[in-house]
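The values are calculated or read from the model by the stated rules, or taken from the named source; none is laboratory data. Computed from a predicted structure; not experimentally measured. FYI the Cβ positions are ideal-geometry reconstructions off the backbone, even for glycines, and counts take in every protein chain you see. All accessible areas refer to the heavy atoms of the entire protein, side chains included, with ligands and DNA or RNA removed. Shrake-Rupley method; radii C 1.70, N 1.55, O 1.52, S 1.80 Å.
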Amino acid sequence: MGYTKDQLLQRLQELQIDFVRHDHPVVLTVEEQAKYVGHLGGGLSKNLFLKDKKSRYYVVSALAATNVDLKVLSVRLGLGKGGLRMAPVEGLEEILQVPLGCVTPFALVNDSARNVTLLLDQGFKTQKCCYFHPLSNDVTISLSSGDLDKFLISIGKDPSYVDLEANPKVGKDQPPDLASHVTSVTPILIDQPENTATAKPSTSNDVPTENKPKVAAGKASSSKQSNNVPNVKEKSKNAAQPSINGADVGKFVDEIIDKASSLVLSEINEKSTEQQGEQLASSVSSALRKRLSLDLESLAMMFKNTAVTQGFLMGQAQSGRNCPP
């Protein structure tokens, strides 16, 4: 269970951080929020929760008027074009532990978000105060950027203010200017069930992080597997190498999607179908297949290419050892 709104506000008071609380109806957009606090002066914020191809998470907090180009930002972080996308709902719920519409730097107070990279708009420094939701979008608080820094430092985060609209050239002699901000740690959402390592080695630890919660959830009640991080690492070392060839990539992806779909549908049938009908199950299955297909196919192809390269290098090394002096 993550921090609540009241717990966060109490912590701010304990840190002697000056803030003003503004209660209002639930809002889901900056435009709706502006109706209640926009006339007070200061900088309204928009906050993005993002994820890269290595399952690392980012919170980008910017002034409402700042133009954030994700393709440019991805290159500046050293992730290449298209390296960033919006994080899945699973990550929002388990990493930040806040509902939709409540992403702000304050969500990093939860220990589960300790490895999330935070980028702040340097424009906040020019505002007399800045507005953020304190983990709940029925309240907005205003505070100075200096007090925001004080909070972030208290949770072990170094406030990183950058020009989010800059588009510097990146090349051989010009490395990505924001690469140093990227954390090297990948958050782990839910541990893999024990039987996945032996049943299908090619899928044991190869599914992207955002796909694991759904698979694990379907078997949690029967396997009673603990969320022990060392166990995940141990299984990674002992699992067999993926055996993927060019003809099997599509089949590999289909097998993963079919298993994920069946597990999700099983859970929905137990909890929700009686209330909402079969249409819900069909909709979730279709969305899951569409959402995972491209990511998993790219992952499978990556494993294939890596295996081919390693096999070539091993062959060269073996040939070298067999050559007479």
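Measure out, as a whole number of angstrom, how far apart the alpha-carbon centroids of segment 103-147 and segment 14-41 sit. Value for the Cα centre distance between the two parts: 12 Å.
Please compute the net charge surrounding Thr126, taking Lys and Arg as +1 and Asp and Glu as -1 over other residues with Cβ under 15 Å from its Cβ. So the surrounding residues net to -2. With a cut-off of 15 Å between beta carbons, the residues surrounding His39 carry a summed charge of 0, where Lys and Arg count +1 and Asp and Glu -1. Accessible surface for Ser184 stands near 110 Å², nearest 10, in the context of the full protein assembly shown (1.4 Å probe).
Within the P(r) computed for segment 39-171, what percentage of the Cα pairs occupies the region above 26 Å? Can you show the working numbers first?
Working: 1584 of 8778 pairs.
For segment 39-171, the share of Cα pairs beyond 26 Å comes to 18 percent.
Once you've got the Cα coordinates, tell me which of Lys35/Lys81; Lys5/Lys46; Lys35/Lys71 are over 27 Å apart. All intermediate terms of the calculation are to be shown ahead of the outcome.
On the way: Lys35/Lys81 36 Å; Lys5/Lys46 19 Å; Lys35/Lys71 31 Å.
In this structure, Lys35/Lys81; Lys35/Lys71 exceed 27 Å between Cα atoms.
Glu90 contributes an accessible area of around 20 Å² to the protein surface, as traced by a 1.4 Å probe with all chains present.
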